[in-house]
Amino acid sequence: MIQINLLPEELRRVGSVPPKTLALLGAASVLGFGSLCTLAFLFFNVRADAANRVEIAQEQLDNLSPQAMYADALEKEKADFERRSDTIQQIASSRILWTRKLDRLSAIVNQDLSTGRHQAWLDQVDITSGRAGRAGSIKLKGFSATANIENVSNFHEDLSTDSVFAEGVESFTAPNSKRGEMEEELDPSQKMEFSFEVKLPEN
């Protein structure tokens with residue numbers, strides 16, 4: 001028998017959804033919700049784990065900070081000590097043992113006068129100690145027996161080549177010599193007047 005629905009179109013009953021479609025929709029909904037829950041769980045779990053790791057790292061950093069500060073202080077103290085040690089060594093290496101040097105000067109002046117190598121005696125010894133940025137010096141002024149200028153050169157050479165007196169010396173200036181006046185009552189009756197400077201290094 002043929003049935004005819006006379007109701008208006010908007011009031012007509014919509015046909016029911018097939019069971020398979022409902023099953024598929026339900027399965028999709030369950031899978032989607034499960035995936036969403038899984039993602040949410042992973043997100044919050046990873047975030048909590050990361051926050052925990054950051055907290056642990058920060059705690060370790062806080063514990064290591066005092067040790068790092070102590071190590072930095074030790075490094076600074078070590079650098080200061082090395083700087084002071086270098087300064088002391090520099091001062092010690094540049095220090096001149098004046099007693100030893102002047103004793104040697106006296107010995108050279110008075111050594112073996114019978115050979116006539118120089119027969120010198122000193123009239124003036126001026127010593128200027130070096131200061132920061134300024135070199136010191138030893139100024140020698142004296143006389144050599146006879147008018148032979150070679151004696152002055154011999155005395156200058158004996159000082160400049162002596163291992164003790166010339167130690168720590170920068171240079172020797174050339175001697176400035178002139179013949180002295182004749183003195184008949186003395187033996188020898190003539191002498192050479194000389195002067196030269198021993199330059200010391202800067203401190």
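The figures follow:
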{"item": "Cβ-defined net charge surrounding Ser163, 13 Å radius [Lys, Arg +1; Asp, Glu -1]", "result": "0"}
{"item": "Local electrostatic count at Glu193 - Lys and Arg +1, Asp and Glu -1, tallied over other residues with Cβ under 10 Å", "result": "+2"}
{"item": "Loop-resident sites, the stretch 138-182, for GluC sites (Glu not before Pro), counting at most 11 other Cβ within 10 Å (DSSP)", "result": "Glu181"}
{"item": "Gained length - Asp162 relative to Ala79, 0.36 nm times residue gap less alpha-carbon distance", "result": "25.9 nm"}
{"item": "Accessible surface of Ile127 - all protein chains present, 1.4 Å probe, nearest 10 Å²", "result": "80"}
{"item": "His156 accessible area, 1.4 Å probe, all protein chains in place, Å² to nearest 10", "result": "30"}
{"item": "Partners for Lys199 among lysines (Cα-Cα distance below 20 Å; same-chain residues under 8 apart left out)", "result": "Lys101, Lys139, Lys141"}
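The values are calculated or read from the model by the stated rules, or taken from the named source; none is laboratory data. Computed from a prediction, not measured in an experiment: that's the story for all the values here. When we count neighbours, we look across all protein chains shown, and the Cβ atoms used for this are built from the backbone with ideal geometry, even at glycine. When the accessible area is computed, the model is the full protein with side chains, heavy atoms only, and any ligands, DNA or RNA have been set aside. Shrake-Rupley method; radii C 1.70, N 1.55, O 1.52, S 1.80 Å.
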